[in-house]
Amino acid sequence: MLSGKIAVVIGGLGGIGGAIAERFAKEGATVYATSRRAEEREVELGAGILRARRVDSGDLTALAAFFEAVKSAAGRVDVLAVNAGISEFATLDTIGEDHFDRTFDLNVRALLFATKAATAVMPDGGSIVLVGSIADAIGTKGYGVYGATKAAVRSFARTWANELAPRNIRVNVVAPGPTDTAMMAAASDEVRATLANLIPLGRMARADEVASAALFLASDQSSFITGAELPVDGGMAQV
């Protein structure tokens, strides 16, 4: 589905981002996946290649240098997926400036400038997939700042879909609900059970299920879809 494509996955090591990067590579793309903790390496996966790069996406100088390196090596970016983000608990009475700045800097600021850099080297007909969250539409106690960042991501997708439509570049959001990643595995059995009980399908998502949705939005299978949000939440925020 992505044969011959050059893809970038920001926040593409482990969890949802790692699953997306690996799936893109298995579908034939040459994938440049970034992480602050990545060990730089190159591996063949399926029909494609995964190239891990150590980049702090919150450092705009490092981010710009990364995209310049991709341009120099590959000449273009056909597909962009932006996953880098953090989620920290803080109720209104405990929110401090550090919490607010840290969350918006990575979840919103870095996402914006990664998208700006990618579109500068993206040919007409490219595709952008932003990893949002169903938290953009539900008021989860203690996650107001996180939810606000994901609402910003949803808003950006609408605006950028309009702005980039003349270039036939599509912009969409994949919005996971609770997902069974290593981070979630650290939660107590009680927390995990509580989350599962809120989901009509009775379980959390797997990272590969979110990756499948991202692949659909990145590929020509969704060629007439732009500005949309695709929930992958087992119905949690839908019914």
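Report the semi-axes of the equivalent ellipsoid for the chain in whole Å, largest first, where each axis is √(5λ) for an eigenvalue λ of the Cα gyration tensor.
In descending order, the three semi-axes are 27, 19, 18 Å.
Heavy atoms only, probe 1.4 Å: what % of the accessible area of the stretch 47-136 goes to carbon and sulfur, would you let me know? It would help to have the intermediate numbers written out before the result.
Values: 2110 of 4030 Å².
That share works out to 52 percent.
Taking a probe of 1.4 angstrom, what is the accessible area of Thr140 in Å², to the nearest 10?
70 Å²
Once you keep just the Cα pairs under 8 angstrom separated by 6 or more residues, what percentage relative contact order results for the chain? List each step's numbers first, then the result.
On the way: 511 pairs, mean separation 44.7, N = 239.
RCO, the chain: 19 percent.
Which of Pro166, Pro176, Val43 sits closest to the plus end of the dipole of the chain, meaning its Cα is farthest towards the positive end, when Lys and Arg get +1 and Asp and Glu get -1 on the C-beta?
Pro166
Taking loop as defined by DSSP and a crowding limit of 16 other beta carbons within 10 Å, which trypsin sites (Lys or Arg not before Pro) in the stretch 1-101 fit?
Values: sites: Lys5, Arg23, Lys26, Arg36, Arg37, Arg41, Arg51, Arg53, Arg54, Lys71, Arg76; in loops: Lys5, Arg36, Arg37, Arg76.
Of the trypsin sites (Lys or Arg not before Pro), the ones in loops of the stretch 1-101 whose Cβ has at most 16 other Cβ atoms within 10 Å are Arg36, Arg37, Arg76.
Counting only heavy atoms of the protein chains, get the accessible area per residue of the chain (1.4 Å probe) and round it to a whole Å² value. Numbers along the way, then the final one.
Details: 11460 Å² over 239 residues.
Per-residue accessible area for the chain comes out at 48 Å².
Please sort by residue number the trypsin sites (Lys or Arg not before Pro) in the stretch 169-239 whose DSSP state is loop and whose Cβ has at most 16 other Cβ atoms within 10 Å. Don't jump to the answer; show the numbers that get you there.
Working: sites: Arg170, Arg192, Arg203, Arg206; in loops: Arg203, Arg206.
Here the trypsin sites (Lys or Arg not before Pro) that fit, given the DSSP loop and packing criteria, are Arg203, Arg206.
Along its principal axes, what span do the Cα atoms of the stretch 140-228 show, with the longest given first and each in whole Å?
So the three principal-axis extents are 49, 28, 22 Å.
Hey, if you put +1 on the Cβ of every Lys and Arg and -1 on every Asp and Glu Cβ in the chain, which of Tyr146, Ile128, His99 ends up farthest toward the positive end of that dipole?
Farthest towards the positive pole: Ile128.
Mean shadow of the stretch 106-172, computed from the convex hull of its alpha carbons, in nm²? Provide the component values of the computation, followed by the final result.
Working: hull surface 17.0 nm².
Spelled out: convex hull of the Cα atoms, projected over all directions, averaged, 4.2 nm².
Identify the trypsin sites (Lys or Arg not before Pro) of the stretch 82-131 meeting these criteria: DSSP loop state and at most 11 other C-beta atoms within 10 Å of the C-beta. Don't jump to the answer; show the numbers that get you there.
On the way: sites: Arg102, Arg109, Lys116; in loops: none.
Passing sites in the stretch 82-131 do not exist.
Once Rh is set to the Kirkwood radius over Cα pairs, what Stokes-Einstein translational diffusion coefficient, in µm²/s, holds for the stretch 49-137 at a temperature of 25 °C and a viscosity of 0.890 mPa s? Write down the numbers at each step before the final one.
On the way: Rh = 14.5 Å.
This corresponds to a translational diffusion coefficient of 169 µm²/s.
Roughly how big is the stretch 114-239's charge dipole about its Cα centre, with Cβ charges of +1 (Lys, Arg) and -1 (Asp, Glu), in debye to the nearest 20?
Charge dipole of the stretch 114-239: 280 debye, to the nearest 20.
The values are calculated or read from the model by the stated rules, or taken from the named source; none is laboratory data. Keep in mind that this is a model prediction, so the values were computed, not measured. So basically every Cβ, Gly included, is an ideal-geometry build from the backbone, and we count neighbours across all protein chains shown. These area figures cover heavy atoms from the full protein model, side chains too; ligands, DNA and RNA do not enter into them. Shrake-Rupley method; radii C 1.70, N 1.55, O 1.52, S 1.80 Å.
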